[in-house]
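These notes are about the structure you will find just below.
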Amino acid sequence: MTLSEFDKELQRLMNEAKDEYAAARKKAGLKEIDLVCIRPFTCDGNPLDCNVIITGLNPGTDTKVRFSDCWMPDSVGFDLKNFRAAMGKVTPTTKKIDDIILCVPNAKFLVTNLSPWPGETEKKTDRTTKRLKTGQAFLSFLLRAIPHGVVVAHHRYYLTKRKVSNLVPPDALRYNHFSPQGGEKSAEEIAQDINEALRRRAV
């Protein structure tokens, strides 16, 4: 898959997700909102160069940063530096992911979620149905695009809910959550697990 092909499928999925979300809010009797907050993933550069995929449940906050402003498929891919500069203060979960990435310097990470919508944006919408439909499409696409990547899933749903658990490969590394409240392992310990999984893939 080329980056151009990746972008074409990504745009199709993003448009479908926006239509689905707008329809869900209308059905729930909620007002229309700005749908620029969709965040399918972040990475540093070309997503096709990544060999580790970290997936949570949904972005914790709406950064008000347009994904499209940082997504440049004709050149660098995703501009993580500008995204993080516009994002400002990071959440504890993002800080832990940053610490994990620093501990695995030879890997390239793509960070995504089952739902591309920030939690505070989707609170009153029918989250379960929307999350599974949208998440299954995005995750399936990313896993097809990066077929040999190590998958790291962090949320209790990946451990307890079969419908969610089945969206990631059987050999995915699974954790309760990377937040301070749910993190049973340190960033260094999770990095060790990732390094070991990468070594197994290299054999």
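The values are calculated or read from the model by the stated rules, or taken from the named source; none is laboratory data. Just so you know, these numbers come straight off a predicted model, no measurement behind them. Positions of Cβ are generated from backbone atoms using ideal geometry, with glycine treated the same way; all protein chains shown enter the neighbour counts.
Any idea which of (1) outside any strand (DSSP E or B); (2) modelled with pLDDT of 95 or more is the one residue 33 doesn't satisfy?
The single condition residue 33 does not satisfy is (2).
Being at pLDDT below 90, under 26 Å from residue 192 (Cα atoms) and among the β-branched types (Val, Ile, Thr) is the filter here; which residues of region 51-93 pass it?
90, 91, 93
If you go through region 68-104, how many residues are part of a helix (DSSP H, G or I) and surrounded by 16 or more Cβ atoms within 10 Å (Cβ to Cβ)? Walk me through it before giving the result.
In the first step, residues of region 68-104 are kept if they are part of a helix (DSSP H, G or I); the result is 68-70, 80-87, 92-103.
Still in the running and surrounded by 16 or more Cβ atoms within 10 Å (Cβ to Cβ): 70, 80, 83-84, 87, 93-94, 96-97, 100-101, 103.
Number of matching residues: 12.
When only residues in region 170-184 that are out of contact with any Asp or Glu (no Cβ under 8 Å at 6 or more places or on another chain) and at pLDDT 90 or above count, which is nearest to residue 99 (Cα to Cα)? Please lay out each step first, then the result.
First, the residues of region 170-184 that are out of contact with any Asp or Glu (no Cβ under 8 Å at 6 or more places or on another chain): 170-172, 174, 177-184.
Subsequent filtering for residues that are at pLDDT 90 or above retains 170-172, 174.
Working: 170: 25, 171: 23, 172: 20, 174: 17 Å.
Here the answer is 174.
Search region 126-147 for residues that are at pLDDT 60 or above and charged (D, E, K, R) and pair each with any residue that is assigned to a helix (DSSP H, G or I) and surrounded by fewer than 17 Cβ atoms within 10 Å (Cβ to Cβ) when their beta-carbon atoms are under 7 Å apart and the residues are at least 6 apart or on different chains.
Note: pairs meeting the criteria are 133/20.
Here are 191, 187, 107: which of them is at pLDDT 90 or above, over 13 Å from the mean Cα position of the chain (by Cα) and closer than 27 Å to residue 1 by Cβ?
Working: 191 fails: closer than 27 Å to residue 1 by Cβ; 187 fails: closer than 27 Å to residue 1 by Cβ.
Going through 191, 187, 107 in turn, just one is at pLDDT 90 or above, over 13 Å from the mean Cα position of the chain (by Cα) and closer than 27 Å to residue 1 by Cβ: 107.
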